[in-house]
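Please read the structure below before turning to the comments.
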Amino acid sequence: MGANHAEAPILEALARYGNADELGFTPPGHKRARGADPRARAVLGDAVFFGDVLANGGLDDRLTRGGVLARAEDLMADAVHADHTFFSTCGSSLSVKAAMLTVTCPHHTLLVGRDAHKSVVAGLILSGVEPVWVEPQWDASRHLAHPPSAAAYDRAFTEHPHADGALVTSPTPYGAAADLAGIADVCHRRGKPLIVDEAWGAHLPFHDDLPSWAMDAGADICVTSIHKMGSGLEQGSVFHLRGDLVDPAELASRADLLGTTSPNVLIYAGIDAWRRQMVEHGQELMGSALESAERTRAAIEAVDGFHVNDAKDFCGPGRAADFDPLPVVMDISDLGTSGYRAADWLRAHHRIDTHLFDHRRVSAQLTHADDEQTTARLLTALRDLADHADELRDPPHVAVPSPADLRMDQALLPRDAYFARHAKVPAAEASGRIAAEMITPYPPGIPVALPGERLTEPVLEYLVTAVEAGVFLPDAADRRLNTVRVVVDD
């Protein structure tokens, strides 16, 4: 008997809980809004508090005999052709760590694309795993990294045959997708599992004109953020498992080790609702989103000073294997300004918040939630930006290194360097020292410097000039980068 995707087990359990007039002498302490500050209720609405109940002993009984979460996870797995699915309320930052710690373990080796998110590096720090970095495919003219090739992973495995598996990020926040089928084949010929950090790809399974998604491409574990391109709430994440190279009980154990014992049922409900929405209406919704993106991209391209990056820019030999058009990435270098200045101007003058911004680009993420009204407002703001470009010209110069100069030697394991005795030194004196911290322009959250890497003058100049130009460094101890944390030499 097939799965009944008209069900939404978590949403339905929440409705039953409210209709049954359950009275909890348990957390959460607001007791279904009764104890909440009226000012909070006025802003958040009572529905938030009514849905904030215990997962066990609330949504389900104390022994989970209703199988509410398990049924929701099974339905999600069926929807996306996975063997097992696990929900997480701690975002894909937790999910990817659980995946890594299942595939490998302390003192072992994992192949990792160097364009990985900072959450992957955090997993390396927590676990003590040794990374073998696989270089992205660099577009030197655009100063942009695309996912590593299958051939790069093949070479890395040849040089490090003892590696326990591989991790690749696809699609990137810029919409560039890896050759997942090719990378999976490289791994499986050696009997090694492939983890795909597909945080930006929740929508991919639901329309054929989007890049292939990880489970269909043969990956073993896939991590997806439902809140990024889907309809879930922030922190809603799922990770999927397929095949027999990874034990599902081990993956569940690692997730339990890292996850919260107090999951937010509202986040579970958002994941559950997204699955039902996509199974029932995904083809239509994503088709409409793609049509809207095509129209919007063409309209932006017609604005003086804007170039919208597309498949011709990103795909081909030595570049990405496929392309997702929903992240509308605009190169505005012809306007004579930076993405940082453009993003600030759009927020200040049009209350438009953009998705990504760097020294030459700004990106507007479209989803199935956008329509003619939202895209028209975006276009009005962008045309106005072009008309006011003279006010934003000559931004501070960002000294972007060449791909070769951007890469540094990994002198210590990330964990060893992060927990080593460290000192703050002026950035101007840090060249040659070993970094003891992550330094990550955000968004998109890909670290430029990692704990254990030996800092170089080109990278330090890049980071310092980027801060002066407006980049945000959330994880640096000194966000202005006047000083850098380095390992103290014994």
Every residue from segment 406-431 that is surrounded by fewer than 18 Cβ atoms within 10 Å (Cβ to Cβ) and polar (S, T, N, Q): Ser431
Single condition Asp208 does not satisfy, out of (1) out of contact with any Pro (no Cβ under 7 Å at 6 or more places or on another chain); (2) over 22 Å from Asp310 (Cα atoms); (3) free of Cβ contacts under 8 Å to residues at least 40 places away in the same chain: (2)
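Take segment 191-208 and flag every residue that is in contact with a helix residue (DSSP H, G or I) (Cβ under 6 Å, 6 or more places away or on another chain) and either among the charged types (D, E, K, R) or farther than 23 Å from Arg142 by Cβ (or both).
Restricting attention to segment 191-208, the residues satisfying the condition of being in contact with a helix residue (DSSP H, G or I) (Cβ under 6 Å, 6 or more places away or on another chain) are 193-200, 202-203, 206-207.
Selection gives Pro193, Leu194, Ile195, Val196, Asp197, Glu198, Ala202, His203, Phe206, His207.
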Checking the structure you have, find out if any residue of segment 428-442 is farther than 25 Å from Gly128 by Cα and either in the same structural domain as Val134 (by TED's automatic domain parsing) or assigned to a helix (DSSP H, G or I) (or both). yes
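Would you tally the residues in segment 432-459 being charged (D, E, K, R) and crowded, with 23+ Cβ neighbours inside 10 Å?
1
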Filter segment 115-141 for residues that are in contact with a Gly (Cβ under 9 Å, 6 or more places away or on another chain) and among the acidic types (Asp, Glu); which is surrounded by the most Cβ atoms within 10 Å (Cβ to Cβ)? Asp139
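Residues checked against (1) in contact with an Asp or Glu (Cβ under 9 Å, 6 or more places away or on another chain); (2) under 25 Å from Thr89 (Cα atoms); (3) among the polar types (S, T, N, Q):
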| site | (1), (2), (3) |
| --- | --- |
| Arg155 | no, no, no |
| Val168 | yes, yes, no |
| Thr172 | yes, yes, yes |
| His203 | yes, yes, no |
| Leu210 | yes, no, no |
Can you confirm whether segment 229-237 contains a residue that is hydrophobic (A, V, I, L, M, F, W, C), closer than 27 Å to Gln277 by Cβ and at pLDDT below 95? yes
Here is a check on your reading of the model: is Val96 surrounded by 21 or more Cβ atoms within 10 Å (Cβ to Cβ) and assigned to a loop (DSSP other than H, G, I, E, B)? no
Taking only segment 13-24 into account, find how many residues are over 20 Å from Leu69 (Cα atoms) and either modelled with pLDDT of 90 or more or of a type in the set (D, E, K, R) (or both). 1
Output yes when any residue across segment 399-412 is more than 15 Å from Asp475 (Cβ to Cβ), within 25 Å of the chain's Cα centre (by Cα), assigned to a strand (DSSP E or B) and outside the structural domain of Gln137 (by TED's automatic domain parsing), and no when none is. yes
Taking Val459, is it assigned to a strand (DSSP E or B) and under 28 Å from the mean Cα position of the chain (by Cα)? no
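Residues checked against (1) of a type in the set (Phe, Trp, Tyr); (2) part of a loop (DSSP other than H, G, I, E, B); (3) touching a residue at least 40 places away in the same chain (Cβ under 8 Å); (4) surrounded by 17 or more Cβ atoms within 10 Å (Cβ to Cβ):
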| site | (1), (2), (3), (4) |
| --- | --- |
| His5 | no, yes, yes, no |
| Ile10 | no, no, yes, yes |
| Ala15 | no, no, no, no |
| Phe25 | yes, yes, no, no |
| Arg41 | no, no, no, no |
| Leu63 | no, yes, no, no |
| Arg71 | no, no, yes, yes |
Does Trp274 count as in a helix (DSSP H, G or I), within 28 Å of Pro443 (Cβ to Cβ) and among the aromatic types (Phe, Trp, Tyr)? yes
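Tally time: how many residues in segment 332-351 are more than 16 Å from Asp394 (Cα to Cα), surrounded by fewer than 20 Cβ atoms within 10 Å (Cβ to Cβ) and in contact (Cβ under 8 Å) with a residue 24 or more places away in the chain?
Of segment 332-351, the ones more than 16 Å from Asp394 (Cα to Cα) are 346-351.
From what is left, the residues that are surrounded by fewer than 20 Cβ atoms within 10 Å (Cβ to Cβ) are 347-351.
Within this subset, residues satisfying the condition of being in contact (Cβ under 8 Å) with a residue 24 or more places away in the chain are 349-350.
Number satisfying all stated conditions: 2.
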Taking interchain pairs and intrachain pairs at least six residues apart, which have beta carbon atoms under 6 angstrom, with the first residue in segment 107-126 and assigned to a helix (DSSP H, G or I) and the second of a type in the set (Gly, Ala, Ser)? Lys118/Gly445; Ser119/Ser93
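Quick check, is Val303 touching a residue at least 24 places away in the same chain (Cβ under 8 Å), outside the structural domain of Thr172 (by TED's automatic domain parsing) and either assigned to a loop (DSSP other than H, G, I, E, B) or among the charged types (D, E, K, R) (or both)?
Numbers: touching a residue at least 24 places away in the same chain (Cβ under 8 Å): yes; outside the structural domain of Thr172 (by TED's automatic domain parsing): yes; either assigned to a loop (DSSP other than H, G, I, E, B) or among the charged types (D, E, K, R) (or both): yes.
Yes, satisfied.
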Set Val467, Val400: member being modelled with pLDDT under 95 and more than 22 Å from Ala122 (Cα to Cα): Val400
Which one is farthest from Met100 (Cα to Cα), of the residues in segment 129-171 that are at pLDDT below 95 and not in a strand (DSSP E or B)? Ser141
If I ask for residues that are touching a residue at least 24 places away in the same chain (Cβ under 8 Å) and farther than 15 Å from Pro211 by Cα, which ones from segment 138-150 would you list? Trp138, Asp139, Ala140, Arg142, His143, Leu144, Ala145, Pro148, Ser149, Ala150
Tell me, which residue of segment 154-173 that is touching a residue at least 40 places away in the same chain (Cβ under 8 Å) and more than 21 Å from the chain's Cα centre (by Cα) is surrounded by the fewest Cβ atoms within 10 Å (Cβ to Cβ)? His162
Filter result for Val112 (touching a strand residue (DSSP E or B) at 6+ places or on another chain (Cβ under 7 Å), of a type outside the set (Asp, Glu), outside the structural domain of Gly316 (by TED's automatic domain parsing) and closer than 28 Å to Met229 by Cα): yes
Residue under evaluation Ser363, criteria (1) under 25 Å from the mean Cα position of the chain (by Cα); (2) more than 19 Å from His143 (Cα to Cα); (3) among the polar types (S, T, N, Q), criterion not met: (2)
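The values are calculated or read from the model by the stated rules, or taken from the named source; none is laboratory data. Note that the structure is a prediction, hence the values are computed from the model and not measured. Ideal geometry is used to build each Cβ from the backbone, glycine not excepted, and the neighbour counts take in all protein chains shown.
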